[in-house]
Amino acid sequence: MTYDATVRTPSVESDLGWALGAVFRDYLRAADSVLADIPGGPRGYQVLTSAIGNDRCSQLVLAQRLGVDKTVMTYLIDDLERAGLVERHPDPADRRARLLVATDAGRERLVETGAALRSAEEHILAPLAEDERHVLRELLRKLATREAADCVSACDAAAEVIERGAC
């Protein structure tokens, strides 16, 4: 096969993986600095958000939803509990399970941290118009919350990518 200089190959900027990775790295840098004082950083923030929101559920269900190993989730919740941000309460529907409930201090921390995180997100999304930001968030939410039996957790997918040496 010979090389044809007239055939135009796509640039890396048109690659979905590259674009997602670039935006994700920017987000992680911003989130890490904003969430540094929350045990577990971004994961701890997601757990705290879940403990406050309407999606209260058992530790096991929460671990599955967030793509966190259940043993890691236990340690993460232990750290959040020691920091006074969450409490475990017995689940009235299943006495073997525990529901995660945010403390008043956890709610206050989430309000403060949430405002700083939204500011960082707005900085990342600054090149987009307001309506484009809304559409992007909705499309990402739709992709992230789709239900498919063959979907792997984010942690499993990341581990697979790292094993292949794609990072």
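The values are calculated or read from the model by the stated rules, or taken from the named source; none is laboratory data. These numbers come from a predicted model, not from an experiment. All Cβ positions, even for glycine, are placed from backbone atoms using ideal geometry, and neighbour counts span all protein chains on display.
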Within the stretch 64-111, considering residues that are among the basic types (Lys, Arg) and assigned to a helix (DSSP H, G or I), the one farthest from Ser50 (Cα to Cα): Arg82
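Okay, residues lined up against (1) touching a helix residue (DSSP H, G or I) at 6+ places or on another chain (Cβ under 7 Å); (2) at pLDDT 90 or above; (3) not in a loop (DSSP other than H, G, I, E, B); (4) not assigned by TED's automatic domain parsing to the domain that holds Gly67:
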position: Ala5; (1), (2), (3), (4): no, no, no, yes
position: Thr9; (1), (2), (3), (4): no, no, no, yes
position: Leu20; (1), (2), (3), (4): no, yes, yes, no
position: Asp26; (1), (2), (3), (4): yes, yes, yes, no
position: Ser33; (1), (2), (3), (4): no, no, yes, no
position: Pro39; (1), (2), (3), (4): yes, yes, no, no
position: Val47; (1), (2), (3), (4): yes, yes, yes, no
position: Asn54; (1), (2), (3), (4): no, no, no, no
Test: residue in the stretch 151-161 that is surrounded by fewer than 16 Cβ atoms within 10 Å (Cβ to Cβ), under 23 Å from Arg29 (Cα atoms), small (Gly, Ala, Ser) and at pLDDT 90 or above: no
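Yes or no, residue by residue, for (1) within 26 Å of Arg146 (Cα to Cα); (2) surrounded by 19 or more Cβ atoms within 10 Å (Cβ to Cβ); (3) touching a Gly at 6+ places or on another chain (Cβ under 9 Å); (4) free of Cβ contacts under 8 Å to residues at least 24 places away in the same chain:
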position: Ile38; (1), (2), (3), (4): no, yes, yes, no
position: Tyr45; (1), (2), (3), (4): yes, yes, yes, no
position: Thr49; (1), (2), (3), (4): yes, no, yes, no
position: Val61; (1), (2), (3), (4): yes, no, no, yes
position: Arg65; (1), (2), (3), (4): yes, no, no, yes
position: Lys70; (1), (2), (3), (4): yes, no, no, yes
position: Asp79; (1), (2), (3), (4): no, no, yes, no
position: Leu85; (1), (2), (3), (4): no, yes, yes, no
Close pairs (8 angstrom Cβ cut-off, 6 or more residues apart or separate chains): under 18 Å from Leu20 (Cβ atoms) in the stretch 118-139, part of a loop (DSSP other than H, G, I, E, B) anywhere: Arg133/Leu125; Leu136/Leu125; Leu136/Leu128
Scan of the stretch 98-122 for residues that are over 13 Å from Tyr45 (Cβ atoms), surrounded by fewer than 16 Cβ atoms within 10 Å (Cβ to Cβ) and aliphatic (A, V, I, L, M), ordered by number: Val101, Ala105
